[in-house]
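Structure first, then comments.
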Amino acid sequence: AMEKSRPLWDNPLQFVFACISYAVGLGNVWRFPYLCQMYGGGGFLIPYFIMLIAEGMPLLYLELAVGQRMRQGSIGAWKIISPYLCGVGVASVVVSFFLSMYYNVINAWAFWYLFHSFQDPLPWATCPLNSNRTGYEEECEKTSSTQYFWYRETLNISPSLEASGSVQWEQALCLMLAWEVVVFCEPRFFPSFPQVVYVTASLPYCVLIIYLIRGLTLHGAVNGLVYMFTPKLEQLSNPKTWISAATQIFFSLGLGFGSLIAFASYNEPSNNCERHAVIVSLINSATSIFASIVTFSIYGFKATFNYESCINKVILLLMNAFDLEEGSLTADNLSEMKDYLMATHPQEYAQLSPQLKNCSLEAELDTAVQGTGLAFIVYSEAIKNMEVPQLYSVLYFVMLLMLGIGSMLGNTAAILTPLTDSKVIAARFPKEVISGAVCFINCVIGLIFTMEAGNYWFDIFNDYAATLSLLLIVLVETIAVCYIYGIRRFEKDLHTMIGRKPNWYWKIMWAFVSPLLIISLFIFYLTDYIVTGTLQYQAWDATQGQLVTRDYPGYALAVIGLLVAASTMCIPLGALLTLIRKRLKRESVPTV
Amino acid sequence: VLLLTLSVVAIAHAELCKPDAQNAFKVRLSIKTALGDNAYAWDANEEYLFKAMVAFAMRRYTSRSTTQISNVLLCNVTDRVSFWFVVTDPSKNVTTVPGSKVEAAIRMNRNRINNAFLLSDKTLQFLKITSTLSPPVEPSTPVWLIVFGVVLCLIVAGIAFLVVAGIQQRKK
């Protein structure tokens with residue numbers, strides 16, 4: 001068979017950096033700290049590491065080995081394993097396509113915040129004034145200036161999914177820029193930039209280290225760290241803890257999209273992918289923990305700052321109401337003075353008491369946030385209170401961009417590699433045209449997420465486009481390799497490639513433990529969907545200045561169903577089509 | 001007789017300047033918050049300065065040089081530091097200037113009054129007199145567009161370079 005020369009990574013280090021750059025993404029920064037906080041603090045690390053060993057490393061090794069052995073993108077690779085499995089590859093490409101549609105909007109938002117960081121004071125530090133300049137904008141008064149900047153000035157969010165609104169041109173511009181950066185950096189399709197993965201992989205670590213040093217020296221950071229790391233071991237008996245650990249490992253490594261297969265297909269056949277799988281998964285988990293240390297020092301700082309502001313407000317209120325001398329009320333004697341005032345001036349105190357909030361540090365620390373809320377609201381709130389906020393703001397959003405772009409590059413590789421490998425398409429169009437067309441289509445579709453209701457559609461895609469489908473894809477992959485291709489054949493292939501057979505740990509995980517885990521995750525997700533009945537979402541209510549829960553309208557539910565069906569149905573459809581084709585061939589042979 | 005008139009005037013003043021009296025305003029100063037270690041003590045001299053500033057404001061607003069320092073009455077000074085003041089009409093005896101005029105005069109000269117005491121709108125508060133908030137400085141072109149333009153040009157130039165290099169390589 002004629003084998004056209006396949007582009008290769010310059011050295012194994014580039015491959016490892018590409019995998020790290022892909023796997024270490026926004027989820028490590030904005031999801032893991034949230035899970036840690038919700039499910040037992042330091043104690044969450046126990047199920048996390050167990051799941052890493054039970055499913056993370058084995059499944060990662062599996063995908064890398066498949067890619068390296070078959071030297072094809074996901075569609076071609078699974079076709080070789082068994083012709084009935086071409087649907088698996090197509091499903092991976094479909095899921096990657098959905099992901100790239102909405103994921104780049106995050107980069108657009110990061111660019112928006114980055115460009116706005118070059119101002120003094122930062123635009124999210126203060127509320128804008130209302131039209132007659134006597135006070136602040138009403139919506140901003142009800143909520144905080146950072147939330148206002150996110151919901152009104154960045155997203156210009158509409159009150160519900162049905163009110164689509166118009167495309168925000170500023171966001172559209174940022175989205176186009178984000179896609180241009182992806183086109184520019186896509187390492188396999190332009191002659192000279194595979195080195196970009198060195199930058200996208202290592203820069204986030206530099207920024208995280210800077211933030212670690214800055215974070216640990218912030219006033220009140222220790223409160224956050226103590227809160228996070230005190231293990232609440234009773235959470236280990238909560239099944240949701242184990243499920244969250246499993247899903248976090250699973251999605252954090254980016255299994256099932258085909259990106260890992262694509263990356264590994266550009267390896268030398270003798271590359272030691274076993275060692276690389278262990279390295280990448282360990283680095284990914286270590287980064288999550290590292291990022292949560294940084295996040296929790298920032299949380300501690302923000303919570304302490306808010307707590308102290310609250311106390312100062314109470315002090316000011318009491319001083320003004322009772323005309324006490326400045327400095328007589330401090331945080332230390334506040335409770336005694338309150339009792340004294342209650343005793344000496346009962347009437348006035350009673351009038352004042354509805355306004356006297358009970359300030360609590362625990363309540364501030366308890367506000368657990370994840371996702372875009374954490375990245376864009378909580379962090380920017382903490383940054384605005386630091387010294388030289390512009391510097392930290394720029395660093396932080398550059399880091400978010402590196403993380404996001406690194407993951408986007410893996411994603412586009414997952415789509416483009418199978419397309420350029422397939423003889424049908426690659427024969428007709430040169431690869432630059434294919435990559436340009438894919439990026440252009442994604443950019444145009446991505447404009448939906450820049451509309452006023454765009455964030456709601458974003459949440460739909462984020463929650464449903466990739467979750468169930470990936471579980472099914474990886475399950476089919478594992479079963480295919482172990483039982484259809486045969487684990488002995490796979491062993492032999494690995495022996496030829498890296499020079500030794502996988503030991504019993506890998507084999508047991510591949511054959512029994514990982515599939516069982518995935519099946520249980522799958523069952524959990526399905527029962528969760530069935531039990532909660534209608535699906536709901538959080539909408540921003542401008543009049544109240546907070547999020548409210550609403551039901552999805554009918555067509556949104558249809559879109560959700562379509563998203564899940566489009567990728568999962570590929571697998572059985574692919575098998576069916578191959579069956580039909582084989583039947584037709586068998587029938588047509590006797591007539592020849 | 002002198003004693004009698006003095007006592008009558010004193011009683012009249014006491015009537016005019018009371019908490020929540022008509023046309024009276026409450027003032028609240030937060031000197032320690034504003035100045036920290038450089039805070040000055042609030043004494044009779046500071047009160048004299050305050051009366052002078054209010055008289056000055058009234059003179060500037062009405063463009064008549066009739067308001068005297070003795071027309072400004074202060075009362076109920078507390079430790080906070082807060083007190084009430086009222087401005088009497090120089091032409092008519094024992095009546096106060098309408099609150100709206102006093103308010104307008106103070107608003108017009110707020111900056112001068114603040115600076116005389118080294119304080120700001122937040123630390124020298126006239127309750128019931130709202131201050132116009134100064135808008136944040138807005139440059140003519142939004143800064144973000146400038147940075148966006150720079151990054152965009154760099155990326156487009158980079159892509160163009162790579163495309164040209166690719167075409168040249170293919171020709172070779």
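The values are calculated or read from the model by the stated rules, or taken from the named source; none is laboratory data. Note that this is a predicted model, so its numbers are computed, not measured. Here the Cβ positions follow ideal geometry from the backbone for every residue, glycine too, while neighbour counts run over all protein chains shown. These accessible areas exclude ligands, DNA and RNA; they are computed on the full protein's heavy atoms, side chains included. Shrake-Rupley method; radii C 1.70, N 1.55, O 1.52, S 1.80 Å.
Could you pull out every one of the lysines with an alpha carbon less than 29 Å from that of B:Lys18, ignoring same-chain neighbours closer than 8 positions? Cα-Cα hits under 29 Å: A:Lys313, A:Lys338, B:Lys26, B:Lys32, B:Lys51, B:Lys92, B:Lys101, B:Lys122, B:Lys128. Among the protein heavy atoms of the protein assembly as shown, carbon and sulfur supply 63% of the accessible surface, probe 1.4 Å, non-protein parts ignored. Under conditions of 25 °C and 0.890 mPa s, the protein assembly as shown yields 81 µm² s⁻¹ as its translational diffusion coefficient, taking Rh as the Kirkwood radius over Cα pairs in the Stokes-Einstein equation. Each of A:Leu494, A:Val90, A:Phe49 was placed along the dipole of chain A (beta-carbon charges, centred on the mean Cα), and the one lying farthest toward the positive end is A:Leu494. Only lysines eight or more places from A:Lys582 in sequence, or on another chain, were considered; those with a Cα closer than 18 Å are A:Lys79.
Residues in chain A average 42 Å² of solvent-accessible surface per residue, probe 1.4 Å, ligands and nucleic acids excluded. Charge dipole of region A:17-588 (Cα centre as origin; +1 on each Lys and Arg Cβ, -1 on each Asp and Glu Cβ, all else neutral): 3480 debye, rounded to the nearest 20. Counting only lysines at least 8 places from A:Lys232 when in the same chain, those with an alpha carbon closer than 19 Å to its own are A:Lys240. Taking 4.7 Å between C-beta atoms as the pairing limit, chain B has these partnerless cysteines: B:Cys153.
Find the sum over both chains of the accessible area lost when B and A are paired, probe 1.4 Å, and report it in Å² to the nearest 100.
Details: alone 11870 and 26010 Å², together 35070 Å².
Buried area (both sides, nearest 100 Å²): 2800 Å².
Determine the shape class of region A:197-302: with a ≥ b ≥ c the square roots of the Cα gyration tensor eigenvalues, call it rounded for a/c under 1.5, and otherwise prolate if a/b is greater than b/c, oblate otherwise. It is oblate, given that a/c is not under 1.5 and a/b is not larger than b/c. Please go through region A:379-451 and write out the trypsin sites (Lys or Arg not before Pro) that DSSP classes as loop and that have at most 12 other C-beta atoms within 10 Å. Sparse-neighbourhood loop trypsin sites (Lys or Arg not before Pro): A:Arg428. Evaluated at q = 0.12 Å⁻¹, a Debye calculation over the C-alpha positions of region A:337-442 (equal weights, vacuum) places log10 I(q)/I(0) at -0.73. For A:Met451, the residues 5 or more places off, or on other chains, whose built amide H falls under 5 Å of its own are A:Gln168. Estimated from helices alone, the mean residue ellipticity of chain B at 222 nm is -16000 deg cm²/dmol (sum of -39500 (n - 2.57) over DSSP H runs with n ≥ 4, per residue). Taking 30 Å² as the minimum loss, tell me which residues in region B:141-172 lose that much accessible area going from the chain by itself to the full protein complex (1.4 Å probe). Correct list: B:Val143, B:Trp144, B:Val147, B:Phe148, B:Val151, B:Leu152, B:Ile155, B:Ile159, B:Leu162, B:Arg170.
Alpha carbon centre of region A:406-427 versus region B:68-126: separation in Å? Here the two parts' Cα centres lie 75 Å apart.
Between helix B:2-16 and chain B, what is the angle of the helix's C-alpha long axis to the longest principal axis, kept within 0 to 90° and rounded to the nearest 10? On a 0 to 90 degree scale, this one is about 40.
Please say if chain B is rounded, prolate or oblate, where rounded means a/c under 1.5 for a ≥ b ≥ c the square roots of the C-alpha gyration tensor eigenvalues, and otherwise the choice is prolate for a/b larger than b/c and oblate otherwise? Before the final figure, lay out the partial values.
Numbers: a/c = 5.26, a/b = 3.55, b/c = 1.48.
Prolate shape, in that a/c is at least 1.5 and a/b is the bigger ratio.
The phi-based Karplus calculation (6.51 cos²θ - 1.76 cosθ + 1.60; θ = phi - 60°) puts the 3J(HN,Hα) values of region A:85-101 at 9, 4, x, 5, x, 5, 4, 4, 5, 5, 5, 4, 4, 4, 5, 5, 4 Hz, whole numbers, x for Gly and Pro.
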